[in-house]
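What follows is one structure encoded as structure tokens, with my remarks underneath.
The values are calculated or read from the model by the stated rules, or taken from the named source; none is laboratory data. The shown structure was predicted, so the numbers you read here are calculated from the model rather than taken from an experiment. Here the Cβ positions follow ideal geometry from the backbone for every residue, glycine too, while neighbour counts run over all protein chains shown. Protein only, heavy atoms only, side chains kept; ligands, DNA and RNA dropped before computing areas. Shrake-Rupley method; radii C 1.70, N 1.55, O 1.52, S 1.80 Å.
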Amino acid sequence: MVCEITKDGDRSPLLPDRQEQGDFFVCDIFDAAPKGDMASMAHPIFSLSTKPDHRVRRYEDGTGRNYLEVKPSSDGLATIHDRDVLIYCISQIMAAINKGQKVSKIVRLKAFDLLKATNRPSDGRGYSGLRSALARLQGTQIETNIVTGDVEQLDIFSIIDRARIVRETRDGRMQEIEVQLSDWVFNAIQAHEVLTLHRNYFRLRKPLERRIYEIARKHCGSKKEWKISLSALQDKCGSASTSREFKRLVGNIVAQDEAYTHILQVSR
């Protein structure tokens, strides 16, 4: 693994690229471009906190007709990094659909492939983190009337219906996982309500950077620019910071990007 150093000797704003070039495991999993569902890109479902977040959050859109409420389990809310699992599953399903293959809500995957594709460490920490992510994704409940796949209904569901470790090594590391997506997510996939993400998304260090990228990717589209007030951006991010602190955090991201253009690298 190569540690990237900036021109001033500081740590790069992007995580090291843990994907070794030429690794034969990479070819198949990287045929599937990373994709996120538009509903969760537009709304603050995932926590930005690096500590267990037990807040109940409610978000209403500008029309006042649509709402989304997110409730944590005892493990806390699913985090923006837990979202990597969802992105990987969506990517695999969309790749299969594009090849004309039959798909279902249940995705069987190799844990190692997921860790490599999402630029996570593939040592014990990576497998432990993946297990915790699956628990939070299944435990986090969403209540919403936001439409996915042209279906409008009141839904109360977990982000994933369940996760099953199909095979596990003697030292406790999972090998194969079965993830069953919620109807809400699967409806979005079948309706092609997904957007491609840059692979360097998985290298962004700060949770807030990832969230801002998602929001911009969803709302900017092919336009050259898209404007939003800081207060509205904070609501969309689901940030628990004070308005003053949020302004400071965004300012730091802007200043760092001006110096290193790391957000631009993700947006290309």
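Around Ile228, with a cut-off of 12 angstrom between Cβ atoms, what is the net charge of the other residues, counting Lys and Arg +1 and Asp and Glu -1?
With Lys, Arg at +1 and Asp, Glu at -1, the net is +1.
Could you tell me what percent of the accessible area of the chain is made up of carbon and sulfur, with a 1.4 Å probe and every protein chain present?
48
Just add up the charged neighbours of Gln141: K/R +1, D/E -1, any other residue whose Cβ is under 9 Å from the Cβ of Gln141.
Surrounding charge for Gln141 is -1.
Tell me which residues come under 5 Å, amide H to amide H, from Asn66 once H is placed; ignore anything under 5 positions away on its chain.
Those lying under 5 Å, H to H, from Asn66 are Asp61.
Apply the a/c threshold of 1.5 to the C-alpha gyration tensor of region 197-238 and tell me whether it is rounded, prolate or oblate.
oblate
Per residue of region 110-118, in order, report the coupling 6.51 cos²θ - 1.76 cosθ + 1.60 (Karplus, θ = phi - 60°) as ³J(HN,Hα) in whole Hz, putting x for Gly and Pro.
Using θ = phi - 60°, the values come out as 8, 4, 4, 4, 4, 4, 5, 5, 9 Hz.
If each DSSP helix of 4+ residues adds -39,500 (n - 2.57) and the sum is divided by the residues in the chain, what number results at 222 nm, nearest 500 deg cm²/dmol?
So the calculated ellipticity at 222 nm is -11000 deg cm²/dmol.
Using R₀ = 51 Å, calculate the FRET efficiency as 1/(1 + (r/R₀)^6) where r is the Cβ-Cβ separation of Arg162 and Glu245; round to 0.05.
That pair, Arg162 with Glu245, gives E of 0.85.
Under a 5 Å amide H to amide H cut-off, with H placed in plane at 1.01 Å, what residues pair with Glu168 once short-range neighbours are removed?
The answer is Gln175.
At 1.4 Å probe radius, can you tell me the per residue accessible area of the chain in Å²?
It amounts to 52 Å² per residue over the chain.
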